[in-house]
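*Asks:* After the structure tokens below, expect a handful of questions from me.
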Amino acid sequence: MMKTLFSADGLVGLLFLFNLIVTVVGGIVACNAERLVRAVIGLVVCFVGVAGIYFFLNSPFIAMMHILIYIGAVAVAISFAIMLAAPEEKMRTGPTSPLSGPIGLISTLLLISGLVSLALKTEWTSVTKINDGSVKTIGIQLLTNHSMVFELISIVLLLAILGALVIARGGREE
Amino acid sequence: MLFLPELTILGAGLLFFLLTLGQPSEATIKNCASAVAAVILFTCVLCVNQTGNLFYGAYRVDLFSQIFKILIAAATLVVFLFGNGLKGIKQDSRPEYYLFLLVSNLGLVMLVSSVELLAIFIALELSSFAVYIMVPMRTTATGIFFQMEAGIKYLLFGVMATGFMLFGMSYIFGLTGTTSLDGIAEQLPILANRPAAVVAMLMILSGFFYKLAIFPFHFWVPDVYEGAANETTAFIAAVPKMAAVALLIRLTSLASHQGEMVLNLLMVCSILSMFYGNLSALVQKDLKRMLGFSGIAHAGFILLGLLTFKLTGYASAVYYIVGYALMNLACFLVICQVAAKGENLGISDLSGLHKRAPILALTLTVALFSLAGIPPFVGFTGKFMLLLGALREDHLLLVTLAAINTAIAIYYYLSVVRMTFCSDSNGLGNVQTGFLANSLSLILVTVIIVMGVAPSWFVALAESAIKTIL
């Protein structure tokens, strides 16, 4: 039976589609913008869409965190970096082959059609809802079942900070 | 006791973090690094017979993981010892360099024990990030100015491969509803005929293909090998590849029910890696770049063992990667000693090495003969076992192509040997080698020969270790 657009499911589907489009459009802007600042804005739009998808997947906490961390912190950090470094606009890499566009397009279309048909034809096991996705259960999970990952991530972050400092400290050697 | 090696590495990392805060002398840093690496190896050996689960089943300590930890620790010790005072690294960031090396080591050691997809992913990232940072730390005083480019290339290709891996993991989770390897192993045989399971498995494998530099994921190899400092390249060429083989064994043993499709793809990757690596190596002038391309070819050989999906095949793959690490360490030991200022070496820079440094010339010759697959060295025995294993599974075409590749490879390995022995030194001065480097190179030569002549004990050990995870 076809669901009508104005039933509850139809409207939810429409909103989901909207989030999806926002994500894709943001991604395209981020990849194709001439100026770096515009690319960052594209990234922000993309992140908003992804946060919306998390919301639909029953994880409001993750959606909130996504907005807080990625838009609130990461995008701002990137903007700071752009302002501090003042990169030259319109830096183009070396000449590209005229064939690279069509070949890239064809292989992308092949990949997309393959993945789409794969996703549609597979019977996915509907994962039972493990928990209510609240902050409390996420915290308990992080400190029990996933405690090792939780601890290792902190080392990864420390490493990233140290690495950035070490590489940036001396400036460029000329 | 279960977690002692990891804790030791963490402690060593902290020690070097403290060292980075002060201004320690060169000798202090070097001695600390060697001592710390020796202690780590000692704790790994001490914990070899431990078994148990940690972190709610995400981390498993068994003979398989412990043996790989010993191998990783031993290879790192060798890298630390022949580092030659880290000539190629910026002077003010040498303690940090050791810190990153230790963190990368921690990631690899945790990787071989992880039995849960998320843990595998994070451990792999930890080990990779540290290496990404180590590549651009090379000083421009060596006359090389593209270390930043090499680092960025390494990072971007790495992120791409990791993205594929994560996407594959999400498929696996969608199909099975679990992230633990045990749970996946239970459910995969039921899902075997679904294309999504095959695609997911291949995507996960691609993350480790990248580490091992197998054909479609090899693009970083030449530039990173050439752009990174000699010591860094020695580490990249030997240590992460062992961990990658360990994880490929864990994962392909899961994929063994998926039959023809995975097998065929692994075969194609193997053949392409061998031909691409060997044919590109033929024309290289830079020694490290040549070793990089030869590494791609050797990775193809290792796939020969994995795609048998049999115990003996896996054991010979382990034997081969250990032998490969030994040969590479020997080569890079020579490179680090001959390149007194940490510069890149062209093949012509080795001319007349037999007069300038006889022991190094001997080491290089043994290592290259072994890489070429000439008896009685470890490279020959490894290739022999891999080809025999593949032949037993009726992959005749694959074995024939691999044999042709061995013949191609002999040319470029032996042309380096010819340069070492049959040309004048062209005014190049003698190479100063210390007692440590000399004894280390003799030890490596001995191990390469002994493992080649008497492989059975190691293969038996590897088989008993792999039995614990099958």
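None of the figures in this text is laboratory data; all of them are computed from the coordinates on show. Values in this document were obtained by computation on a predicted structure and should not be read as measured data. Note that each Cβ is placed from the backbone with ideal geometry, even for glycine, and that neighbours are counted across all protein chains shown.
*Asks:* Can you tell me the convex hull volume per residue for region B:165-276, based on C-alpha atoms, in Å³ to the nearest whole number?
*Replies:* Spread over its residues, the Cα hull of region B:165-276 gives 100 Å³ apiece.
*Asks:* If you don't mind, another one. Between A:Ile28, A:Ile155, A:Ile106, which gets the highest mean-square fluctuation from a Gaussian network model of chain A, Cα cutoff 10 Å?
*Replies:* Fluctuation is largest for A:Ile106.
*Asks:* Just report the Cα centroid separation between region B:378-454 and region B:295-347, whole Å.
*Replies:* Taking the Cα centre of region B:295-347 as reference, the centre of region B:378-454 is 9 Å away.
*Asks:* Strictly greater than 18 Å: what percent of every Cα pair in region B:281-358 meets that?
*Replies:* 52 percent
*Asks:* State the answer as a single residue: which of B:Thr381, B:Leu368, B:Phe173 lies farthest towards the positive end of the charge dipole of chain B, with beta carbon charges of +1 for Lys and Arg and -1 for Asp and Glu, about the Cα centre.
*Replies:* Of the options given, the answer is B:Leu368.
*Asks:* Quick one: Karplus J couplings for region B:359-365, per residue in order, coefficients 6.51, -1.76, 1.60, θ = phi - 60°, nearest Hz, x for Gly and Pro?
*Replies:* Rounded to whole hertz, the list is 5, 5, 4, 4, 4, 4, 4.
*Asks:* Only Cα pairs within less than 10 Å get springs; with that Gaussian network setup on chain A, which residue of A:Ala160, A:Ala33, A:Ala73 has the largest fluctuation?
*Replies:* A:Ala160
*Asks:* Moving to a separate point now. When the Karplus curve 6.51 cos²θ - 1.76 cosθ + 1.60 is applied with θ = phi - 60°, which whole-Hz ³J(HN,Hα) does each residue of region B:150-166 get, with x for Gly and Pro?
*Replies:* Computed from phi, the couplings for region B:150-166 are 4, x, 5, 4, 4, 5, 5, 5, x, 5, 4, 5, 5, x, 4, 4, 5 Hz.
*Asks:* Nothing charged except the Cβ atoms of Lys and Arg (+1) and of Asp and Glu (-1): what's the magnitude of the dipole of the protein assembly as shown about its Cα centre? Round to the nearest 20 debye.
*Replies:* Using Cβ point charges on Lys, Arg, Asp and Glu, the protein assembly as shown gives about 440 debye.
*Asks:* Using the Karplus equation 6.51 cos²θ - 1.76 cosθ + 1.60 (θ = phi - 60°), what ³J(HN,Hα) coupling, rounded to whole Hz, does each residue of region A:66-75 give in order, writing x for Gly and Pro?
*Replies:* Each residue's phi maps through the Karplus curve to give 4, 5, 4, 7, 6, 7, x, 10, 5, 5 Hz.
*Asks:* Can you tell which of B:Tyr276, A:Ile71, B:Leu46 lies farthest toward the positive end of the dipole of the protein assembly as shown, using +1 and -1 charges on the Cβ of basic and acidic side chains (Lys, Arg; Asp, Glu)?
*Replies:* Looking along the dipole axis, the top candidate is B:Tyr276.
*Asks:* Something else: In nm², what is the average projected area of the convex hull enclosing the Cα atoms of region A:7-87?
*Replies:* Orientation-averaged projected area of the Cα hull: 5.3 nm².
*Asks:* Can I ask one more? Quick one: which residues, 5+ away or cross-chain, put their amide H under 5 Å from the amide H of B:Gly346? H built at 1.01 Å from N.
*Replies:* Close amide H contacts, sequence-distant or interchain: B:Leu287.
*Asks:* Another one. Give me the Å³ per residue figure for the convex hull around the C-alpha atoms of region A:43-83.
*Replies:* 38 Å³
*Asks:* Follow-up. About the Cα centre of region B:200-286, how large is the charge dipole given +1 on each Lys and Arg Cβ and -1 on each Asp and Glu Cβ? Please answer in debye to the nearest 20.
*Replies:* 200 debye
*Asks:* Using only the alpha-carbon atoms of region B:321-470, report the extent along each of the three principal axes, biggest first, to the nearest angstrom.
*Replies:* 54, 32, 24
*Asks:* Rg to Rh for chain B: what is it, with Cα atoms only and Rh by Kirkwood?
*Replies:* 0.95
*Asks:* Separation between the A:Ile140 and A:Ser100 pseudo-spin-labels, each 7 Å from Cα along Cα→Cβ, expressed in nm?
*Replies:* About 5.3 nm, to one decimal.
*Asks:* If you don't mind, another one. Which order do B:Lys383, B:Lys285 fall in if you start with the one that has the fewest other Cβ atoms within 10 Å?
*Replies:* Ascending Cβ contact count within 10 Å gives the list B:Lys285, B:Lys383.
*Asks:* State to the nearest 20 debye the size of the charge dipole of chain B about its Cα centre, where the only charges are +1 on K and R beta carbons and -1 on D and E beta carbons.
*Replies:* Value, rounded to 20: 560 debye.
*Asks:* Tell me, how many Å apart are the Cα centres for region B:455-469 and for region B:244-289?
*Replies:* So the separation of the two Cα centres works out to 22 Å.
*Asks:* Put +1 on the Cβ of every Lys and Arg and -1 on every Asp and Glu Cβ in region B:4-467; which of B:Leu63, B:Phe80, B:Trp220 then has its Cα farthest towards the positive end of the dipole?
*Replies:* Result: B:Phe80, furthest along the dipole toward the positive end.
*Asks:* I'd like the projected area of region B:104-221, averaged over all directions, using the convex hull of its alpha carbons. Report it in nm² with one decimal.
*Replies:* Computed as one quarter of the Cα hull surface, the answer is 7.7 nm².
*Asks:* Taking just the alpha-carbon atoms of the protein assembly as shown, what radius of gyration and Dmax come out, in angstrom?
*Replies:* According to the Cα coordinates of the protein assembly as shown, Rg and Dmax are 25.3, 87 Å.
*Asks:* Right, next: Mind checking B:88-99 for the average number of partner chain beta-carbons within 10 Å of each residue's beta-carbon?
*Replies:* Across the residues of B:88-99, the mean count of other-chain Cβ atoms within 10 Å is 2.
*Asks:* I'd like the Kirkwood hydrodynamic radius of chain A, using the inverse of the mean 1/r over distinct C-alpha pairs, in Å.
*Replies:* 20.4 Å
*Asks:* Just from its helices, what would the mean residue ellipticity at 222 nm be for the protein assembly as shown, if runs of 4 or more DSSP H residues each count -39500 (n - 2.57) and the sum is divided by every residue, rounded to the nearest 500 deg cm²/dmol?
*Replies:* Result for the protein assembly as shown: -24500 deg cm²/dmol, rounded to the nearest 500.
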